[in-house]
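Participant: Take this structure, written in structure tokens, and hold onto it; I'll ask about it next.
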Amino acid sequence: MAQIIDGKALAAEIRQQLKTRVEALVDKGHRPALAVILVGDDPASQVYVRNKIRACAETGIESLEFRMPAETSQETLLSKIDELNRDDKVDGILVQMPVPKHIDSMKVIDAISPLKDVDGFHVVSAGALMTGQKGFLPCTPYGVMKLLEKAGCDLTGKHAVVVGRSNIVGKPQAMLLLSKHATVTVAHSRTADLGAVTRQADVLIAAVGRAKLIKADMVKPGAVVIDVGMNRDENGKLCGDVDFETVKDVAGAITPVPGGVGPMTIAMLLTNTVEAVERRFGIDHA
Ligand code: NAP
């Protein structure tokens, strides 16, 4: 049976270390503050926002919550972001996605100052990642890299396969793996014979959004499998993109859902927020 990579424990460890960094900042008069904007009343988004705000509180980060009705115009949202960009008390800005359909999410993301882009979705952050410059890393792929590191996975020369090519997970994940010297393949919905591709992976990252898509016969024995997916199975139970019960007998190491990537995403959001303050004041935490 595979080693279970415990994201919940690693996230708790990271949050504990962040607490110390936050205390040091508070001593200097700079308590980190994260502004969270939620437009509309999508129940899943409300849960995500609540979890993020709770995690901020536990770490000593101040959170400023802005709830806007579903019919909020794009102009109103952009002017709120502009106000927060100019607010010296705000270190990070997050707009919970998805926004209602009449709002262009790309315009929203790019309205956030790159200096406060703690979600790491801004085109400047994406460009920085692509060119190996300092920026904010998108939280989920950043968390996956921390999980791989914790599992003792040396990526140099390994074949990493990422299933999914979204701007927030798949593509940045591929760039991060590349920066650690893996040979990277990105698969997606038009990939012919997905199993033939995934079976080549020493490291397999599933970021698809299809419950239990990755079966045991699609995994190379001993592979490290990271499951980003968050889906509901036929019984309404939370599950990943990987068929955990069968894949765990083939893989060398695997993340569970829940308790794998999910808690890491929030931990990395907090990390980026603390980073934003440290960069602003030129403080080196190491
Ligand atoms: P997304 O934007 O919908 O992208 C899904 C990707 O999967 C697309 O690139 C799509 O290909 C590909 N795909 C769809 N069906 C496929 C198939 N049958 N075979 C191969 N590839 C297929 O989703 P996302 O935002 O990246 O999220 C992916 C999953 O991760 C979701 O379950 C989401 O809930 C979860 N997630 C979890 C966290 C966390 O913190 N744990 C954070 C973010 C996302 P095309 O490009 O060809 O359409």
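Participant: Please give every one of the aspartates and glutamates within straight-line cross-link reach of Lys101, meaning a C-alpha to C-alpha distance under 16 Å, and leave out same-chain neighbours fewer than 8 residues apart.
Facilitator: Result set, ordered by chain and number: Asp41, Asp42, Glu71, Glu75.
Participant: Now for a separate question. Determine the per residue accessible area of the chain with all protein chains present and a 1.4 angstrom probe, expressed in square angstrom. Intermediate results must be reported in sequence, preceding the final value.
Facilitator: Working: 13610 Å² over 286 residues.
Computed with neighbouring chains in place, this is 48 Å² per residue.
Participant: Something else: Binning every alpha carbon pair distance of region 1-109 at 10 Å from zero, what are the percents per bin?
Facilitator: 13, 37, 30, 17, 3, 0
Participant: Let me ask another. Using the basic label-point model (7 angstrom from Cα toward the beta carbon), what is the Asn51 to Phe66 distance in nanometres?
Facilitator: In this crude label model, Asn51 to Phe66 measures out at 2.4 nm.
Participant: Working out 0.36 nm times the residue gap between Leu178 and Asn231, then minus their Cα-Cα distance, what length gain in nm do you get to one decimal? Display every interim value, and only then the final one.
Facilitator: Values: separation 53, 0.36 × 53 = 19.08 nm, distance 2.74 nm.
Full extension of this stretch gives 16.3 nm more.
Participant: According to the square roots a ≥ b ≥ c of the eigenvalues of the Cα gyration tensor, what is the shape class of the chain, taking rounded for a/c under 1.5, prolate for a/b larger than b/c otherwise, and oblate for the remainder? All intermediate terms of the calculation are to be shown ahead of the outcome.
Facilitator: On the way: a/c = 1.79, a/b = 1.50, b/c = 1.19.
In terms of gyration-tensor shape, prolate.
Participant: Sort 172-185, 93-106 for me by packing, meaning the mean count of neighbouring Cβ atoms within 10 Å per residue, highest on top. Write out the running numbers ahead of the final one.
Facilitator: Numbers: 172-185: 19.9, 93-106: 17.1.
Peptide ranking by packing, descending: 172-185, 93-106.
Participant: Find the relative contact order for the chain and round it to a whole percent, using C-alpha pairs within less than 8 Å whose residues are 6+ positions apart. Let's see the in-between values first.
Facilitator: On the way: 557 pairs, mean separation 62.3, N = 286.
In percent, rounded to a whole number, it is 22.
Participant: Assuming 0.36 nm per residue, please report the length gained on full extension of the stretch His285 to Asn167 beyond their Cα-Cα distance. Don't skip to the end; give the middle numbers.
Facilitator: On the way: separation 118, 0.36 × 118 = 42.48 nm, distance 2.94 nm.
Here the answer is 39.5 nm.
Participant: A further question on this structure: Over 27 Å between Cα atoms, which of Lys215/Lys237; Lys89/Lys134; Lys8/Lys237; Lys158/Lys215; Lys107/Lys180; Lys28/Lys116 qualify? Mind showing how you got there, number by number?
Facilitator: Working: Lys215/Lys237 18 Å; Lys89/Lys134 23 Å; Lys8/Lys237 18 Å; Lys158/Lys215 21 Å; Lys107/Lys180 31 Å; Lys28/Lys116 20 Å.
Over 27 Å Cα-Cα: Lys107/Lys180.
Participant: Run the reach check for Lys248 against aspartates and glutamates, Cα to Cα strictly under 15 Å, same-chain hits fewer than 8 apart removed. What comes back?
Facilitator: Answer for Lys248, where 15 Å is the Cα cut-off: Asp6, Asp202, Asp217, Asp227, listed by chain and number.
Participant: R0 = 35 Å: FRET efficiency of Ala24 with Thr76, Cβ-based, nearest 0.05? Please list the in-between numbers first.
Facilitator: Numbers: r = 37 Å, r/R0 = 1.06.
The formula returns an efficiency of 0.40 here.
Participant: Now for a separate question. Determine, from the Cβ-Cβ distance of Thr246 and Met130 and an R0 of 35 Å, the FRET efficiency 1/(1 + (r/R0)^6), rounded to the nearest 0.05. Don't skip to the end; give the middle numbers.
Facilitator: On the way: r = 36 Å, r/R0 = 1.03.
The value I calculate is 0.45.
Participant: I would also like to ask the following. Heavy atoms only, probe 1.4 Å: what % of the accessible area of the chain goes to carbon and sulfur, would you let me know?
Facilitator: Details: 7260 of 13610 Å².
Roughly 53 percent of what the probe reaches on the chain is carbon or sulfur.
The values are calculated or read from the model by the stated rules, or taken from the named source; none is laboratory data. Just so it is clear, the model here is predicted, and its values are computed rather than measured. Don't worry about glycine lacking a Cβ; one is built from the backbone with ideal geometry, like all the others, and counts go over all protein chains shown. Just the protein is used for accessible areas: all its heavy atoms, side chains included, with ligands, DNA and RNA removed. Shrake-Rupley method; radii C 1.70, N 1.55, O 1.52, S 1.80 Å.
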